[in-house]
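Quick note: the coordinates plus some simple rules give every number you see, no bench work behind them. Remember, predicted model here, so these are calculated numbers, not experimental data. Heads up, the Cβs are rebuilt from the backbone with ideal geometry, glycines too, and the neighbour counts pull from every protein chain shown.
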Amino acid sequence: MLKIKKGDTVIVISGDDKGKVGKVLKVFPKKQRVIVEGVNFIKRHTRPSQKNPQGGIIEKEAPIHISNVMLWFNNERTKVGFKVLKDGKKVRYSKKTGEIIDA
């Protein structure tokens, strides 16, 4: 089970985009990769088509390995752990502060 979910805010901790903060747009659990908003841009050369009659170069976000990002919670980066509550519900929590992330 991955510790980062779609919609989480993360900070990049290594690579060219180190220090950038963005929202997780998509998660690929089998490949252990995430797409983060505004991080790891690639240039894709496209030929003219019905959808894009002009063609040209399109910039878009590429997946980044999950080990290169860390959860950004309460304006600080934190490790994530799992806890089972008394009612049997499994939730994520911040190892730095002990606060529950999943409300």
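Details
- As a proxy for reagent exposure, Ser49, Ser14, Ser94 were ordered by neighbouring Cβ count within 10 angstrom, fewest first; the result is Ser49, Ser14, Ser94.
- Between Arg77, Arg47, Arg92, the Gaussian network model of the chain with springs among Cα atoms under 10 angstrom shows the greatest mean-square fluctuation at Arg47.
- Dipole axis of the chain (+1 Lys, Arg; -1 Asp, Glu on Cβ), positive-most option in Pro63, Ile11, Pro29: Pro29
- Dipole magnitude (debye, nearest 20) for the chain, charges at Cβ of Lys, Arg, Asp, Glu: 420
- For a label point 7 Å along the Cα-to-beta-carbon line of Lys5, residues of the range 76-103 with backbone N under 16 Å: 80-85, 88-95, 99-103
- For the options Ile58, Ile42, Ile66, a Gaussian network treatment of the chain with springs between C-alpha atoms closer than 10 Å singles out Ile58 as fluctuating the most.
- When the GluC sites (Glu not before Pro) in the range 1-96 are filtered for DSSP coil states and for at most 15 other beta-carbon atoms within 10 Å of their beta-carbon, the remaining sites are Glu37.
- Most mobile of Pro29, Pro48, Pro63 in a GNM of the chain (Cα contacts under 10 Å): Pro48
- Computed from the C-beta positions of Glu76 and Asn52 and an R0 of 35 Å, the FRET efficiency is 0.30 to the nearest 0.05.
- Distance between modelled label sites at Lys31 and Arg44, nm, 7 Å Cα→Cβ extension: 1.1
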